[in-house]
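The numbers here are math on the coordinates, done by the rules we state, and not lab data. Just so it is clear, the structure is predicted and the values come from calculations on it, not from any experiment. Every residue, glycine among them, receives a Cβ derived from its backbone with ideal geometry; neighbour counts consider all protein chains shown.
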Amino acid sequence: MSLNLVFPINHPERDKSLHETLEAPTCDVEGLLTGPISLRSLPQVDNEFSPTPGDPYSVSTRDGVEYVPSAALLMQSRLYEAAHNMGLLHVDGIVSAIDDEIITQHERRCRTNTDAHARLLEQLNETNTKTVPQLIANLFWRYRTGYAMPSEGAEMLMRYPVMGGVEAAKRTQPFDFESLKQLDAYAYRELLMVRQNMLKQGIDAKIILSAGADTNQKYILKTQLVDHEGASEICIIVAKQTAGEVRADSMSTIQLKKKVSYIGFPTDGADIPGDKNIMKMHGVPYDMRPIGGSYYWCTTDKDLMVGKSALQAANHPELEA
């Protein structure tokens, strides 16, 4: 399959000086996966597409800046900057609706990661795993701190499918289509990197690409009419699609999923600045503008799945281009 992908010029390569975030300080499981973590800087400072840390409520900087509120504030600041530039700050309902969705998704990611982390700890405790090799220790450390690359998140889930899912990458930049394109390119590049990384360990992984970020079927996971004065016809839509699949002998098969939040404006309403993205819901055209997107790995094992699968979501109304 031929994919015409344009990779970001400023692809976030890891700074070789970040030894504290790339190299695990210990191979002891308890030391790696429990207790507070104090870092030089938070992951979103070093990589604009960084995933939510696997143990988000334990991560902070040496100056005491906690990850969870800091990440929320960064995303909210991007929203208010975009709204200001577009002249939407004082339009009833729009900014508050997007702000609510940003916080909802942020809290969901933190909660989901915390639950997955607990399942990992439970399994390691049940198998009486006290220490791990340096390679696995580094994987644990990067995943827990939010410094894991998407390809490393894939390996994490393939080795420990009991987690159910591992976030790969995210970017919240309201109204910015280019930001989503860069996130797509970054995620697809890392999807292809999974095979290369696994081969280094003597594991032959097979990568199966879906139709592509723009053409693969999207399913609506949530539609919500904005309950704010002056914005009754505006809606929030969250859509999910499959980007690809990774298979390897004797390891769990996983899929890479993409999830995007949109705010939809009726086409016969106020003219919103910027490029339009017209899609239909229930036959009604909406101008869909992105709020933010994320990629995450999930197992295909139905007994371990977390959340709603694409097949289950197929009963929801579909977006029509």
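Charging the Cβ of each Asp and Glu at -1 and of each Lys and Arg at +1, and nothing else, the dipole of the stretch 22-313 about its Cα centre rounds to 840 debye.
Taking amide hydrogens as placed 1.01 Å from N in the peptide plane, the amide H of Thr131 sits under 5 Å from those of Val29, each at least 5 positions away in sequence or on another chain.
What is the gain in length, in nm to one decimal, between Arg119 and Glu66 on full extension, counting 0.36 nm per residue of separation less the C-alpha to C-alpha distance? Before the final figure, lay out the partial values.
Details: separation 53, 0.36 × 53 = 19.08 nm, distance 2.33 nm.
Extra length from Arg119 to Glu66 when fully extended: 16.8 nm.
Computed from phi, the 3J(HN,Hα) profile of the stretch 100-112 under the Karplus parametrisation 6.51, -1.76, 1.60 (θ = phi - 60°) reads 4, 5, 4, 5, 4, 5, 4, 5, 5, 4, 5, 5, 4 Hz, with x in place of Gly and Pro.
Residue-wise HN-Hα couplings along the stretch 154-163, as the Karplus relation 6.51 cos²θ - 1.76 cosθ + 1.60 with θ = phi - 60° gives them from phi, are 4, 4, 4, 6, 5, 7, 10, x, 4, 5 Hz; Gly and Pro carry x. Shown for Leu199, Leu22: other C-beta atoms within 10 Å of each C-beta, ranked fewest to most, produce the order Leu199, Leu22. Over the Cα atoms of the stretch 22-313, each weighted equally, I'd like the Debye log10 I(q)/I(0) at q = 0.07 Å⁻¹, rounded to two decimals. Log10 of I(q)/I(0), two decimals: -0.27.
Per-residue packing, averaged as other Cβ atoms within 10 Å, sorts the ranges 249-261, 34-46 into the order 249-261, 34-46, beginning with the highest. Averaged over residues, the count of other Cβ atoms within 10 Å places the peptides 59-71, 124-136 in the sequence 59-71, 124-136, highest first.
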